[in-house]
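Remarks on the structure that follows.
The values are calculated or read from the model by the stated rules, or taken from the named source; none is laboratory data. For clarity, every value in this text was computed on a predicted model and none was experimentally measured. Note: ideal-geometry Cβ built from the backbone for every residue, glycine included; neighbour counts use all protein chains shown.
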Amino acid sequence: MTTLGTNEEYDPATDKWASKAPLPTLRLAFGIAVYQNKIYVMGGTIDSNATGVNEVYDPLTDSWATKASMPVARAYVDANTVNGKIYVIGGAYYPPIMGAFMTEYNETQVYDPSTDSWTTKAAIPIPTGDYASAVIDNKIYIVGAGGSPSSRIQIYDTITNTWATGKPLPFAERAAGVAATSGVNAPKRVYVIGGFSATDELNQIYDPQTDNWTLGMNMTTPRYGLALAVSNDVLYAVGGYGDGWLASNEAYLPSSYSVPEFPSWLVLPSFIAVTLSVSIAYFERHKQVGVVKNP
C-alpha cells in the first residue's frame, strides 16, 4: 500500500477542490481535529510502527508546524475537540504479520493547544481502536471497534471525566463513518453511516437524549472506510472502499433539516485524496489501512 501526504481542500459553497501543502510526515491511521481554524494531525503508523507525531496545518498560510508528540504512540485513533482541548482516545496497533491480532489501547489523553502540552484522563473502559467517533454537548461518542463488526458505543463525559455505555447499534459495523449534527439546522444526532458488514450502505441514527436508534435513508454508494464530515448540519461522505477504492463524494441532508422536508442524498464531484479541509473541517478515513486487509 502506498502512503500519501495528499492534502486537498473542498469548498461546499463552490463544490470545488484545491490542492494544498502536503502532510510533512507520511503516515496512516492518524487522528485529526480542528481548533481555532487550524487542523491537528496526531499519531498514526509509519512502516507498520506506531508514532506519536503531532503536526498542525494552518489553512490561512497553507503551512505546517510540529507540536508536542502524543505521550503514548499509537494508531487507528480519532481526535475530537471539546472546549478548547483535543481528546485522543484508545487506539490500536496491527502487527505486520498476516493474520495477527491487533493490540487495542485504553488511553485517554488530552492535548491543550494553548500550552502545547498533554494530560491523561480516565481510561476508556474497554480498550478500543479502529473505531469512529463524534461529539455532542461535551460528550464524546466512541462507536464500534476494530477487528470485526461491533455494536458497542462508549460515551465519555469531558466535564465529569467519566464513562458510560450507550444502547448498542441495531446493526454491528466496522469502519463506518461517524459524525454528529449540531442542533442548529438539524436535531442533535450521531450518524453511523456505511461500514464493513452485509449492510454497508446503512444510515443508523442515535438520539443522545433518548438513548435510542433509528434508521435513516441508506447511503447512495455502499462502502466502508469512508470519511464523514459535517458543514452546516449537512453530512459529507467521501471516499472509502466498495467495489474497489472509491472517489465518491456524496452529501446527506437529514430528515429534519431546516430547509427540506425529507431526507436526501446528493452526489457531488469525486476526488482522490487522504485529507480535506475548509468549512467542513478537515478529516481523513484512517480506517482504510486496517480494512484493506480484508477487501
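Considering only residues that are in contact with a Gly (Cβ under 8 Å, 6 or more places away or on another chain) and not in a loop (DSSP other than H, G, I, E, B), look in region 109-135 and name the one that is farthest from residue 173 (Cα to Cα).
In the first step, residues of region 109-135 are kept if they are in contact with a Gly (Cβ under 8 Å, 6 or more places away or on another chain); the result is 112-114, 124, 127-132.
Right, trim to not in a loop (DSSP other than H, G, I, E, B) and you get 112, 132.
Details: 112: 32, 132: 10 Å.
Taking the candidates together, the pick is 112.
Which pairs do you get when a residue that is without any contact (Cβ under 8 Å) to a residue 60 or more places away in the chain, found in region 112-130, comes within reach of a residue that is crowded, with 17+ Cβ neighbours inside 10 Å and small (Gly, Ala, Ser), reach meaning Cβ atoms under 7 angstrom, with the pair 6+ apart or on two chains?
124/90; 127/90; 128/90; 128/145; 129/90; 129/91; 129/92; 129/146
What's the total number of residues in region 50-81 that are among the hydrophobic types (A, V, I, L, M, F, W, C) and not in a loop (DSSP other than H, G, I, E, B)? Outline the logic, then answer.
Keep residues of region 50-81 that are among the hydrophobic types (A, V, I, L, M, F, W, C), which gives 50, 53, 56, 60, 64-65, 68, 70, 72-73, 75, 77, 79.
From what is left, the residues that are not in a loop (DSSP other than H, G, I, E, B) are 50, 56, 64-65, 75, 79.
Summing the residues that are among the hydrophobic types (A, V, I, L, M, F, W, C) and not in a loop (DSSP other than H, G, I, E, B) in region 50-81 gives 6.
Which pairs do you get when a residue that is in contact (Cβ under 8 Å) with a residue 60 or more places away in the chain and within 23 Å of residue 103 (Cβ to Cβ), found in region 134-157, comes within reach of a residue that is of a type in the set (Lys, Arg) and in a strand (DSSP E or B), reach meaning Cβ atoms under 9 angstrom, with the pair 6+ apart or on two chains?
156/139
What number goes with the only condition from (1) at pLDDT 95 or above; (2) under 18 Å from residue 228 (Cα atoms); (3) among the charged types (D, E, K, R) that residue 167 does not pass?
All conditions pass for residue 167, except number (2).
If you take just the strands (runs of 3 or more DSSP E) that sit entirely in region 204-245, which of them hold at least 2 residues that are of a type in the set (A, V, I, L, M) and within 15 Å of the chain's Cα centre (by Cα)?
Here the list reads 227-231, 234-238.
Which of (1) buried (at least 18 other Cβ atoms within 10 Å of the Cβ); (2) modelled with pLDDT of 95 or more; (3) under 23 Å from residue 128 (Cβ atoms) is the odd one out, the single condition residue 173 does not satisfy?
(2) is the only condition that residue 173 fails.
So for region 213-228 (the condition being of a type in the set (Lys, Arg), within 22 Å of residue 29 (Cβ to Cβ) and surrounded by fewer than 17 Cβ atoms within 10 Å (Cβ to Cβ)), does at least one residue qualify? Give the derivation first.
Of region 213-228, the ones of a type in the set (Lys, Arg) are 223.
With the extra rule that they be within 22 Å of residue 29 (Cβ to Cβ), the set shrinks to 223.
Next cut, surrounded by fewer than 17 Cβ atoms within 10 Å (Cβ to Cβ) only: none.
No, region 213-228 has no match at all.
What are the residue pairs meeting all of these: first residue in region 199-213, first residue free of Cβ contacts under 8 Å to residues at least 60 places away in the same chain, second residue among the basic types (Lys, Arg) and surrounded by fewer than 16 Cβ atoms within 10 Å (Cβ to Cβ), Cβ atoms under 6 Å, and 6 or more apart or on different chains?
What qualifies is 211/167.
Of (1) touching a residue at least 12 places away in the same chain (Cβ under 8 Å); (2) over 18 Å from residue 41 (Cα atoms), residue 97 satisfies all except one. Which?
(1)
Looking only at region 47-102, count how many residues are under 15 Å from residue 142 (Cα atoms), among the hydroxyl-bearing types (Ser, Thr, Tyr) and modelled with pLDDT under 95. Before you say what the answer is, go through the steps one by one.
Quick first cut of region 47-102, residues under 15 Å from residue 142 (Cα atoms) only: 76-82, 86-92.
Okay, now just the ones that are also among the hydroxyl-bearing types (Ser, Thr, Tyr), so 76, 81, 87.
With the extra rule that they be modelled with pLDDT under 95, the set shrinks to 76.
Qualifying residue count, region 47-102: 1.
Across region 120-151, what is the total count of residues that are modelled with pLDDT of 95 or more, within 11 Å of the chain's Cα centre (by Cα) and charged (D, E, K, R)?
The qualifying residues number 0.
Checking the structure you have, find out if any residue of region 157-167 is within 19 Å of the chain's Cα centre (by Cα), surrounded by fewer than 23 Cβ atoms within 10 Å (Cβ to Cβ) and not in a loop (DSSP other than H, G, I, E, B).
yes
Is it the case that residue 72 is surrounded by fewer than 19 Cβ atoms within 10 Å (Cβ to Cβ), in contact with a Lys or Arg (Cβ under 8 Å, 6 or more places away or on another chain) and either hydroxyl-bearing (Ser, Thr, Tyr) or free of Cβ contacts under 8 Å to residues at least 60 places away in the same chain (or both)?
Details: surrounded by fewer than 19 Cβ atoms within 10 Å (Cβ to Cβ): yes; in contact with a Lys or Arg (Cβ under 8 Å, 6 or more places away or on another chain): no; either hydroxyl-bearing (Ser, Thr, Tyr) or free of Cβ contacts under 8 Å to residues at least 60 places away in the same chain (or both): yes.
For residue 72, the condition - surrounded by fewer than 19 Cβ atoms within 10 Å (Cβ to Cβ), in contact with a Lys or Arg (Cβ under 8 Å, 6 or more places away or on another chain) and either hydroxyl-bearing (Ser, Thr, Tyr) or free of Cβ contacts under 8 Å to residues at least 60 places away in the same chain (or both) - is not met.
Among the residues of region 10-49, count how many are more than 18 Å from the chain's Cα centre (by Cα) and part of a strand (DSSP E or B). Steps first, answer last, please.
Of region 10-49, the ones more than 18 Å from the chain's Cα centre (by Cα) are 11-22, 24-26, 36, 46-49.
Next, only the ones that are part of a strand (DSSP E or B) stay: 11, 16-19, 46, 49.
Number of matching residues: 7.
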